[in-house]
Amino acid sequence: MGGTELKYIQQAFADNWIAPVGPHINHFESDLAAYLGHAVEVAALHSGTAALHLALQLLGVGPGDEVICQSLTFTASANPIVYQGAQPVFVDSESSTWNLCPQMLQRAVEDRIHRGKKPKAIIAVHLYGMPYQSNEIRQIAQEYAIPIIEDAAEALGSKYNNRPCGTLGDLSVLSFNGNKIITTSGGGALICSSKELKQQAVFLATQARDEAAHYEHSQIGYNYRLSNICAGIGRGQLEVLETRIAQRRKIYQFYNSLFQEYPFVKMQQAPSDMFYSNHWLSVALLDPQSGLTPRRVQQALEKEQIESRLLWKPLHLQPVFKSAPYYGGTVAEELFETGICLPSGSYMGENELERIQQVWKEIVKSLI
């Protein structure tokens, strides 16, 4: 917490605005819109997953449709496709940003169209805060008139060609889950290009109640709106967002410097100055020839009570999606097999970083 969140929470209690309606929601949405710029409209929701679900709804995705989705991502990127009765079509990553591969995307789109199943949407993810190749993916999407849902759940504060992530899609999604760069405890947002789209999203997020003196419902709705209290937390968190980005990027630079003397470790790198990552997580790849594996490093860190995580397991390898089509090679699989997410919490100071450095050196000595 940054310190000012409690002020907004106390204000919500004092004003008796506890439910998923209230002034903090309006302020949080307008502050987010101002931060992102580009005349966007923001609907604050209770999760990023809810935002993805509503994005698919707004695009008319339904039973029998197909939606292309990046394979190397958290399952929440694809689950809402199934909520809609649609079929996910997974696409491999490219090795520079680790995100959706434009070449494989083109192949997938052309093949699905050839099979008579033009995709209704493309879900592209900024993995661990690293922007995807937006120009190339946008070009393909425009060529075939397929809308892009930008999954920027991990990328608030990241930029592509100086444009904020969260403004690169036809519809975009943010997450404020407890592990994100800022949090509302739980929470998310749908970023829309017009007031009309936002109004439709909020309508669906509040049980799709029609205008009538009684309770009238002509569509299925959801209980997806963010609470006024959580929005208050978000207002306080936005005040420290730039500090959090600077902290995460400093942690990344620490790892980047640490691993300079270890050629068998490679950090996730921005391909060019067009890609500005918030480095939500600092992620490294381990050369299998070194004898180090992500699991062995993870276990060694655990013994010292230092948490690390393996990369997302590609969704085309997940049992729940075993029947879904997949286009690509083995890039995502190789990243999963060799990658490890290192401690990246904004709160880490010099003492924690020094301890990580000492433990890392001991791990290398003992495992190689």
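Values quoted throughout were computed directly from the atomic coordinates according to the rules given, and no laboratory measurement underlies them. These figures come from a predicted structure and were not determined experimentally. Reconstructed Cβ throughout: ideal geometry from the backbone, glycine too, with neighbour counts over all protein chains shown.
Annotations
- Note on the chain: with a GNM built from Cα contacts shorter than 10 Å, the maximum mean-square fluctuation among Val265, Val320, Val240 falls on Val320.
- Just checking the listed ones, Val21, Val283, Val67: in the Gaussian network model of the chain with Cα springs under 10 Å, the one fluctuating most is Val21.
- Extension gain (nm, one decimal) between Asp273 and Lys7, 0.36 nm per residue minus Cα-Cα: 91.9 nm
- Protection proxy ranking, peptides 185-191, 2-8, average beta carbon neighbours within 10 Å, highest first: 185-191, 2-8
- Listed values for region 37-50 are Karplus-derived 3J(HN,Hα) couplings in whole Hz (6.51 cos²θ - 1.76 cosθ + 1.60, θ = phi - 60°), namely x, 6, 6, 8, 10, 10, 10, 7, 10, 7, 6, x, 4, 4, and x replaces Gly and Pro.
- For Phe321, Phe13, the sequence from fewest to most other C-beta atoms within 10 Å is Phe13, Phe321.
- Leu367 versus Ser193: modelled label distance in nm, points set 7 Å from Cα along the beta carbon direction: 4.6 nm
- Each of Ser71, Thr330, Pro294 was placed along the dipole of the chain (beta-carbon charges, centred on the mean Cα), and the one lying farthest toward the positive end is Pro294.
- Karplus 3J(HN,Hα) series, Hz, for region 289-305 with 6.51 cos²θ - 1.76 cosθ + 1.60 (x for Gly, Pro): 5, 6, x, 8, 10, x, 5, 5, 5, 4, 5, 5, 5, 4, 4, 9, 6
- Near Asn161, the amide H atoms lying under 5 Å from its own belong to Phe275, Tyr276; only residues 5 or more places off or on other chains count, and H is placed 1.01 Å from N.
- Separation between Cα centres of region 122-168 and region 265-327, rounded to whole Å: 21 Å
- Taking each residue as 0.36 nm, the span from Val21 to Gln253 lengthens on full extension beyond its C-alpha to C-alpha distance by 79.4 nm.
- Each peptide in 273-282, 167-176, 294-303 receives the mean, over its residues, of other Cβ atoms within 10 Å, and ordering these scores from highest gives 167-176, 273-282, 294-303.
- Counted by neighbouring Cβ atoms within 10 Å, the residues Ile363, Ile233, Ile340 run from fewest to most as Ile363, Ile340, Ile233.
- Under Karplus coefficients 6.51, -1.76 and 1.60, residue-wise ³J(HN,Hα) of region 52-64 in Hz, glycine/proline x: 4, 4, 5, 4, 5, 4, 5, 8, x, 6, x, x, x
- A full extension of the chain between Glu242 and Tyr215 corresponds to an added length of 5.4 nm, given 0.36 nm per residue minus the alpha carbon distance.
- Within a Gaussian network of the chain (alpha carbon springs, distance under 10 Å), most fluctuating of Asn177, Asn79, Asn16: Asn16
- Förster-model FRET efficiency, 25 Å R0, Thr75 and Ser96, C-beta, rounded to 0.05: 0.55
- Per-peptide average of other Cβ atoms within 10 Å, ordering 24-36, 86-98 highest first: 86-98, 24-36
- Ignoring lysines fewer than eight residues from Lys365 along the same chain, the ones with Cα atoms less than 25 angstrom from its Cα are Lys266, Lys303.
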